[in-house]
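Taking it in order: structure first as structure tokens, then the write-up.
The values are calculated or read from the model by the stated rules, or taken from the named source; none is laboratory data. Small disclaimer: the values here were computed from a predicted structure and weren't measured. Counting neighbours? That spans all protein chains shown, and the Cβs are built from the backbone with ideal geometry, glycine included. The area values use the complete protein model at the heavy-atom level, side chains included, leaving out ligands, DNA and RNA. Shrake-Rupley method; radii C 1.70, N 1.55, O 1.52, S 1.80 Å.
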Amino acid sequence: MTTTPTGVPAATSESGTPAAVPARGPSRLLHPDPMVRRLARLTLLNCLGNGLSLAVAVLFFTRVLGLSAAQLGFGLTAAGLCGVAASIPAGRAADRWGIRRVLVVLVSLEAVGTAGYALVHGYAAFVLLACAVTAADRGSSAVRNALYAEVLPADRRVAGRAYLRVVTNVGMCLGTALGAVVLQVDTRAAYVTAILLDALSFAVVAVLYGRIRIAPPAGVPTGPDAGAAAGAKAGRGTGAPTGGRGPNPALRNGPFLAVTALNAVLCLQFAMLEVGVPLWIVKETQAPRIVVAGTLVVNTVLVVALQVRATRGTERPELAARACGRGGLLLAGSSVVLGLAHGLPATAAAVVVLAGIALQALGEVLSQAGGWALGYDLAGEGAHGAYQGVFNAGTSAAMMIGPALVSTAVIGYGLAGWAVLGAVFAAAGLAMAPAVRWAARRSRAAAVAA
């Protein structure tokens, strides 16, 4: 997950085979593992397109396609439901037909679907297309997480994912900056060009994913009985791999489902940051509106600076659960601090809000690092698609219901609303430890039975 006791261990080369990692790279900003660097290039390209599209999407849909705010909201809600539903079957498909193959298909569908927005003229067509694109997007996210489990050594998966998340933030920022240029131009041609550039980024990424070789780790058998043999060797009691056939092992794993649900609760923090805080600043505080942009800057800078470091100390499930507990408490503190901004003078309110966002960013990097580690550690090694599909479905559900939940159950209730949200975060984070102990008891019982 971070490093081995000997320091910098062997890496996986771009072909998927072991390769030596130099002790010092050409730059401190470059990851020493060539596979992580390759994935980082893919992530940067994809997020440039996503950031560009995200910046212009609302105006494109409302001004170019002519949708009302209510129509857009309904369409995106329906699309979110499709995204939640798509994660689990996408993960199972990856186990059955191959991670790389399924990922290339899903990302290619995103490319075609995103380009299709430029041709949409009716509302029904928009809703159907949005559902298809979101389903492909959430499905590809689940399969991509399974890909990381296959191409990165187990002891460096979480650290590698943290590095890729830093790249994601950088790419989204750069893409959003390009989107600002499009917003300034403010023409139909500019908006359509931005959407088509996003589609092109998906197409290029699909081709590049197709060139990644996924080689089985040393000592793992191949052939028709490979999945069962790998599951027997793992001996974790978390569900034997099934090759995508039969009952989904992740859905039969109680501790894993509990961790998935708790992680989904912690992921409500993103709705708090992206929806709750802007509404709170504008409607319930005296802080200048520019502070809305300032909160995103503070969050992004801290996540970029601290996310990789936050993965240290998540090497074992009990340590990852502890990180989630600390993250939940920090998110709880952040919620209370944000609630205290109500009624303060403008400058004081701005300072308090930014302090609350700083706490949120600290809670974010810890809870995400711990959640990633548990999502991999409690999963069966031979069924990454199934487990990551279920784990991603929980995250997608939080992303879907979070905005409505935060805007209706927190904003407008003042400090009490924020305190209740904070208590939910704290409870979810602290409950990770009992869930991990449950998983350990289940694993020991399975080992005794075997």
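Among all positions in region 320-339, there is at least one residue which is within 30 Å of Ala180 (Cα to Cα), in contact with a helix residue (DSSP H, G or I) (Cβ under 7 Å, 6 or more places away or on another chain) and of a type in the set (A, V, I, L, M). Just one residue in the set Gly327, Gly356, Gly370, Gly380 is modelled with pLDDT under 95 and either farther than 21 Å from Pro278 by Cβ or not β-branched (Val, Ile, Thr) (or both); that residue is Gly380.
Within the option set Gly394, Gly402, Gly385, Gly412, being at pLDDT 95 or above and either under 20 Å from the mean Cα position of the chain (by Cα) or not aromatic (Phe, Trp, Tyr) (or both) holds for one residue only, Gly394.
Every residue in region 286-295 that is crowded, with 18+ Cβ neighbours inside 10 Å and not β-branched (Val, Ile, Thr), please.
Selection gives Ala287 alone.
Residues in region 364-392 that are of a type outside the set (A, V, I, L, M, F, W, C) and within 20 Å of Arg309 (Cβ to Cβ): Glu364, Ser367, Gln368, Gly370, Gly371, Gly375, Tyr376, Asp377.
It is to be established whether one or more residues within region 229-236 are touching a helix residue (DSSP H, G or I) at 6+ places or on another chain (Cβ under 9 Å) and either more than 30 Å from Gly429 (Cβ to Cβ) or modelled with pLDDT of 90 or more (or both).
Looking only at region 229-236, we keep the residues that are touching a helix residue (DSSP H, G or I) at 6+ places or on another chain (Cβ under 9 Å), and these are 231, 235-236.
Among the residues that remain, those that are also either more than 30 Å from Gly429 (Cβ to Cβ) or modelled with pLDDT of 90 or more (or both) are: 231.
Checked against the condition, which is being touching a helix residue (DSSP H, G or I) at 6+ places or on another chain (Cβ under 9 Å) and either more than 30 Å from Gly429 (Cβ to Cβ) or modelled with pLDDT of 90 or more (or both), region 229-236 yields at least one hit.
Selection of region 411-434 for residues being in a helix (DSSP H, G or I) and open to solvent by less than 40 Å² (accessible area, probe 1.4 Å) yields Gly414, Gly417, Trp418, Leu421, Gly422, Phe425, Ala426, Ala428, Gly429, Met432, Ala433.
One line per residue, one yes/no per condition, for (1) open to solvent by 60 Å² or more (accessible area, probe 1.4 Å); (2) farther than 24 Å from Gln388 by Cα; (3) small (Gly, Ala, Ser); (4) modelled with pLDDT under 95:
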site: Pro34; (1), (2), (3), (4): no, no, no, yes
site: Leu52; (1), (2), (3), (4): no, yes, no, yes
site: Arg63; (1), (2), (3), (4): yes, yes, no, yes
site: Gly75; (1), (2), (3), (4): no, yes, yes, yes
site: Gly80; (1), (2), (3), (4): no, no, yes, yes
site: Gly83; (1), (2), (3), (4): no, no, yes, yes
site: Gly122; (1), (2), (3), (4): no, yes, yes, yes
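Restricting region 435-450 to residues that are open to solvent by less than 60 Å² (accessible area, probe 1.4 Å) and either within 18 Å of Gly371 (Cβ to Cβ) or among the aromatic types (Phe, Trp, Tyr) (or both), which is modelled with the lowest pLDDT? The qualifying residue modelled with the lowest pLDDT is Ala440.
Entry remark, region 145-184: residues being more than 16 Å from Asn50 (Cα to Cα) and either open to solvent by 20 Å² or more (accessible area, probe 1.4 Å) or hydrophobic (A, V, I, L, M, F, W, C) (or both) number 16 in total. Among the numbered conditions (1) surrounded by 20 or more Cβ atoms within 10 Å (Cβ to Cβ); (2) closer than 18 Å to Gln269 by Cα, the only one that Leu374 does not meet is (2).
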